[in-house]
Amino acid sequence: MLAGISLASPSAFAEQASSAANASASEPMSESVSEPVDESSSEQAEQMPFVARDVASEVNASSGSARDIAPDLRMAIDVSGSMKHNDPTNLRASALDLLVTLLPERSRAGLWGFGEQVQPLLALGAVDAGWKQAARGLEGRLDDYEQYTDLEAGLRAAAEGADASIDGQGPRQVILLSDGMVDLREPSSEKAASDSASRQRITDELTPQLAAHNITVHTVALSRNADIDLLQQVADGTGGLATVAETPEDLLRAFLGALDRIVPGELVPLEDKRFTIDGSVEEFTALVFHGPDDSAPVLIAPDGQRYSLADKASLPEGVRWEHQPRYDLITVTDPEAGQWRIEGQVGVDSRITVVSDLALVSRPLPATLYRGFGYSLAASLVDGARDVDEQDFLATLDGNARLVPEDEGGMSAETAAVTSAQQRGLERDGAQFSVNMPPPQQPGGARLTLTIEGQRDGAPFARQLSQRTSVVDPLLVEPIGGNAQNATPPSALEVSARHPLLNTANTQLDATLQGEPLSVAEAGESRWRIELPPLERDVSADVQISARIALGGSSRVIDLAPYTLNENAARRAANLDRSPIEGESFGEIQGLDQAVEEKEDLNDLLMKGRLPIDKVPALISQWFEGASDFAQREAESPQSRMIAYAVAGVIGLLVVIMLVRRMTRKPTQREEPHV
């Protein structure tokens, strides 16, 4: 779908959709299909095909009948009893209200609640003023809690909607929100098997079926206790976005992130509470997030005129203002060109959407990125139905693509952008922009943004596309057997390919536990089984898994995130395999503090010349372990590993010589001083 749709302006939506359809019908659009890119040290990016499933976007981007395709959204919301704990203030209602506000008229939408049974809360129908009023009146019904969680039935009901079967016509988008896992009402003797069978049907049968019928599922986990792996698999398999929302702000942004993919918005950059509106903009909408105790923002026009909620009754006819405890939505029609400012709190994910014939368009940015795999992006600058051809204007344009991890651990968005962002400049060919992005390294949620800036008729010009994405390991690790509730460790691990191009023919796994290699066997076309030795219940240990991948004429080694056995055990086994993967701090690994202190003690004794001879082997072993870690992290070639080992060996030999000389040296006779 063409970007440039103002999410808050129903009247503008129709105009933008018509413009999108005309552009699609008359001009082939450059694709932003994500392609794995293996960047070598010479910065030459090798491109390989990437399967990014989003049939809805393909229809909207390339079909002349795009004007006839209206967004179709179904929401399935968990109403099981655990929601009393994980959403005690019913923040789902606030997030739903934001989504209802931004969902453009001309859409179709419906809402289902699921617990032990599925409840149709709002029939699938055209989004208009009446539908929105009915949706806002559902807050009380979201509190009708049920004891169990039939996630499979809830997902299937939302996907089918008013259709007799899942085979209905047209692309559909589903937002699935849950705080738990499959939990069916069954006799205790059959419950575990029934829950497992339902979960298996979701991953192996229902998800492929949804994907085959143009149904994209965006999943929102409202708790870390949710079956996050299951929700991620459903999203991955259907081309949707998977997010985890642990705070009220997270939940609002999760719904907004899903809506960004359903109805993409054309943005202008918002930096330091300032944004620039050019003369082609017919309308803009400012969505400003803030805390529930913060004052409403004040909007200041280029001529100094101030717009505020306090003066809502006297606002000009072209200004509409909606205030909520955690955000404000301000729409300005026929705005003055120039730099606008916002006074007050401006939270993360605040944005300025615009309506303009000048639009930066692309197919949806990839919903899932894989650690260790690069990807390519492309977009076009269009003027109504065709690419911009003003050469003087195009010559001023510069742009970049940026991937910024979401705020975690109290780090501000600005700090995260500086420390963890990946950025590349866009290459321009006429009105076409493209870039090969490096492989992402930090797993978790992130925001992917394309920005172009320049000058048009002597005035500043900027456009932006921005969407949330998930960075995941290319392989998924799940336990087989065991029981987390009674601290019984699994008997084996199953590894399955998340990345659509990986399989047992091009991927080889190695696994170790406490330094000992584990047996790895193929268990299907894209599955592996790792056998685990017995482990005491009160001992926690990490399984280290690395994948050697040969794809597209190149090879790479990717270390997966360690899989922890008996995560809540009282004792922690020594980590003898390697140092943590990138992005993992020593402080985050329980039980390593003592081991680190022991290493520091031995080195300290050596520097002070008081290292006991019986500790020399342990110190040399530590150095060899460090050399091994360094070799694994920094090099894949045997030559580099040999250099690292040789350096450690030479250092160890020098230490032994020094100690031998110290031991054989004749002690100095000390005489007592004469008085």
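The values are calculated or read from the model by the stated rules, or taken from the named source; none is laboratory data. For clarity, every value in this text was computed on a predicted model and none was experimentally measured. Cβ sites come from the backbone with ideal geometry, for glycine too, and all protein chains shown count toward neighbours.
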Check your understanding: Does region 243-264 include one or more residues that are touching a residue at least 24 places away in the same chain (Cβ under 8 Å), in a strand (DSSP E or B), in the same structural domain as residue 106 (by TED's automatic domain parsing) and of a type in the set (Ser, Thr, Tyr)?
Key -> yes
Of the residues in region 500-546 that are charged (D, E, K, R) and part of a loop (DSSP other than H, G, I, E, B), the one that is nearest to residue 471 (Cα to Cα) is 525
In the set 365, 369, 360, the lone residue that is surrounded by 22 or more Cβ atoms within 10 Å (Cβ to Cβ), touching a Pro at 6+ places or on another chain (Cβ under 6 Å), within 25 Å of residue 405 (Cα to Cα) and touching a residue at least 12 places away in the same chain (Cβ under 8 Å) is 369
When region 495-508 is checked residue by residue, the ones that are closer than 20 Å to residue 232 by Cβ and out of contact with any Pro (no Cβ under 8 Å at 6 or more places or on another chain) are 495, 496, 500, 503, 507
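Is it true that residue 480 is surrounded by fewer than 20 Cβ atoms within 10 Å (Cβ to Cβ) and either on the phi < 0 side of the Ramachandran plot or without any contact (Cβ under 8 Å) to a residue 24 or more places away in the chain (or both)?
yes
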Look at residue 514 and say whether it is modelled with pLDDT under 95, on the phi > 0 side of the Ramachandran plot and of a type in the set (S, T, N, Q).
yes
Across (1) under 27 Å from the mean Cα position of the chain (by Cα); (2) modelled with pLDDT under 90, residue 154 clears everything bar (2)
Counted residues in region 211-224 being under 18 Å from residue 78 (Cβ atoms) and either buried (at least 20 other Cβ atoms within 10 Å of the Cβ) or among the aliphatic types (A, V, I, L, M) (or both) come to 6
**Asked** Out of curiosity, is residue 123 assigned to a helix (DSSP H, G or I) and surrounded by fewer than 20 Cβ atoms within 10 Å (Cβ to Cβ)?
**Response** no
Residue 301 assigned by TED's automatic domain parsing to the domain that holds residue 366, farther than 18 Å from residue 99 by Cα and surrounded by fewer than 16 Cβ atoms within 10 Å (Cβ to Cβ)
no
Scanning region 204-221 for residues that are of a type outside the set (S, T, N, Q) and under 16 Å from the mean Cα position of the chain (by Cα), the one farthest from residue 241 (Cα to Cα) turns out to be 221
Note to self: Going by what's in this entry, would residue 555 be described as in a strand (DSSP E or B) and modelled with pLDDT under 90?
What the structure shows: no
Per the filter on region 466-499, residues at pLDDT 90 or above, part of a loop (DSSP other than H, G, I, E, B) and not charged (D, E, K, R) are 474, 491, 499
Considering region 176-203, residues that are part of a helix (DSSP H, G or I) and under 23 Å from the mean Cα position of the chain (by Cα), and then whichever is surrounded by the most Cβ atoms within 10 Å (Cβ to Cβ), we arrive at 202
**Asked** Would it be correct to say that residue 282 is part of a strand (DSSP E or B), surrounded by fewer than 22 Cβ atoms within 10 Å (Cβ to Cβ), among the charged types (D, E, K, R) and modelled with pLDDT of 95 or more?
**Response** yes
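In region 309-322, is there at least one residue being of a type in the set (Gly, Ala, Ser), free of Cβ contacts under 8 Å to residues at least 60 places away in the same chain, under 24 Å from residue 457 (Cβ atoms) and crowded, with 16+ Cβ neighbours inside 10 Å?
no
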Being in a strand (DSSP E or B), within 30 Å of residue 93 (Cα to Cα), touching a residue at least 24 places away in the same chain (Cβ under 8 Å) and out of contact with any Lys or Arg (no Cβ under 6 Å at 6 or more places or on another chain) narrows 353, 331 down to just 353
